[in-house]
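The values are calculated or read from the model by the stated rules, or taken from the named source; none is laboratory data. Owing to the predicted nature of the structure, the values given are computational and were not obtained by experimental measurement. Ideal geometry is used to build each Cβ from the backbone, glycine not excepted, and the neighbour counts take in all protein chains shown.
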Amino acid sequence: MLIEFLPALLQGLATTVAIATSSILGCAGVSIVLGMARRTKFAPVSVGAGSLIELLRGASVLIYLFWVYYALPLVPGMPRLSPLVVSVLVLSLVAGAYGAEIVVAGVDAVPKGQAEAASTLGLSKYQTFVTVVLPQALTQIVPAFASLAIDMVKWTAIVSFVGVQDLLAIANNIRVISYSTVGVYAGVALVYLGLCLLTSYFFRLLERTLPLNRALEAGRATAASSGMSTLVVQP
């Protein structure tokens, strides 16, 4: 019986995937900006970034979603944004506040001697960060960001509260029409599980492409090849 609702479910799934993808990309940008601002030695910028991070982490995503969609347009001069734009904006900002701490922790995990050595070789601060610090920090940032991205996929379920016709909103409509509560929600749960698994798999692939990880894998392969050669030539 639920097969007849498949086109509507696929449309809701497409909306959910679009929101999740856009929000994860937006979160990555916000995380980098806030994280770097948090680490700067210029006190006003650092304190301001820290205060914004704490503000965004201080309430639930749903509260900010309601505030931006329902309350913000009541402020004179503020525009009324579409539900889709509000959803992506709020998810990106709130998740970006958590991602900023991941960026800070990843950069701080790189030994300071690496940057000092690069400075001794004559590299500028920008060159040092891009070519020395960042490639090493990404090995710490990407795995932690994967967990945040999976949470964001699950957070998309709240966008139906502002009228976005995502997967959960369509499923609720189908439940009312079909009276198949268990079947509908079981199917939705499986779809969200599949999206989370795909997100996790994508980030595992991304980890393998990182320069430092590729170098380590190449080193291990070379060491293993050398070991095998030694075993062959031994009498």
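A few notes on this one:
- Here is the figure for region 57-71: residues that are of a type in the set (A, V, I, L, M) and loosely packed, with under 14 Cβ neighbours inside 10 Å total 3.
- Take the conditions (1) under 23 Å from Phe129 (Cβ atoms); (2) exposed (fewer than 15 other Cβ atoms within 10 Å of the Cβ); Glu54 misses just one of them, which is (1).
- Failed item, numbered, when Ala14 is tested on (1) of a type outside the set (Val, Ile, Thr); (2) farther than 26 Å from Ala189 by Cα; (3) exposed (fewer than 14 other Cβ atoms within 10 Å of the Cβ): (2)
- Residue within region 121-128 that is at negative phi, in contact (Cβ under 8 Å) with a residue 12 or more places away in the chain and in a helix (DSSP H, G or I) present: yes
- Picking from residues in region 84-111 that are surrounded by fewer than 17 Cβ atoms within 10 Å (Cβ to Cβ) and of a type outside the set (D, E, K, R), the one that is nearest to Met36 (Cα to Cα) is Ala105.
- Test for Ile19: is it at pLDDT 95 or above and not acidic (Asp, Glu): yes
- For region 50-81, residues that are among the small types (Gly, Ala, Ser), assigned to a helix (DSSP H, G or I) and within 19 Å of the chain's Cα centre (by Cα) total 0.
Quick grid of which residues meet (1) under 20 Å from the mean Cα position of the chain (by Cα); (2) within 26 Å of Gly29 (Cα to Cα):
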residue	(1), (2)
Pro143	yes, yes
Ala146	yes, yes
Ile150	yes, yes
Val162	no, yes
Asp166	yes, yes
Ala169	no, no
Asn173	no, no
Val176	no, no
Gly183	no, no
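- Listed by position, the helices (runs of 4 or more DSSP H) enclosed by region 131-230 that each have at least 3 residues that are modelled with pLDDT of 90 or more, in contact with a helix residue (DSSP H, G or I) (Cβ under 6 Å, 6 or more places away or on another chain) and farther than 22 Å from Gly35 by Cα are 167-178, 181-209.
- Residue within region 42-51 that is modelled with pLDDT under 95, of a type in the set (Val, Ile, Thr) and surrounded by 14 or more Cβ atoms within 10 Å (Cβ to Cβ) present: yes
- Inter-residue pairs, beta-carbon under 6 Å, first under 12 Å from Ser178 (Cβ atoms) and assigned to a helix (DSSP H, G or I) and in region 1-16, second modelled with pLDDT under 95 and aliphatic (A, V, I, L, M), 6+ apart: Phe5/Ile174; Ala8/Ile170; Leu9/Ile170
- Neighbours by Cβ (under 8 Å, 6+ apart or cross-chain): first from region 137-152, within 21 Å of Val90 (Cα to Cα); second among the polar types (S, T, N, Q) and surrounded by 17 or more Cβ atoms within 10 Å (Cβ to Cβ): Phe145/Ser31; Ala146/Thr199; Ala149/Thr199; Ile150/Thr199; Met152/Ser23
- Residue within region 82-96 that is part of a loop (DSSP other than H, G, I, E, B), on the phi < 0 side of the Ramachandran plot, modelled with pLDDT of 85 or more and more than 15 Å from the chain's Cα centre (by Cα) present: yes
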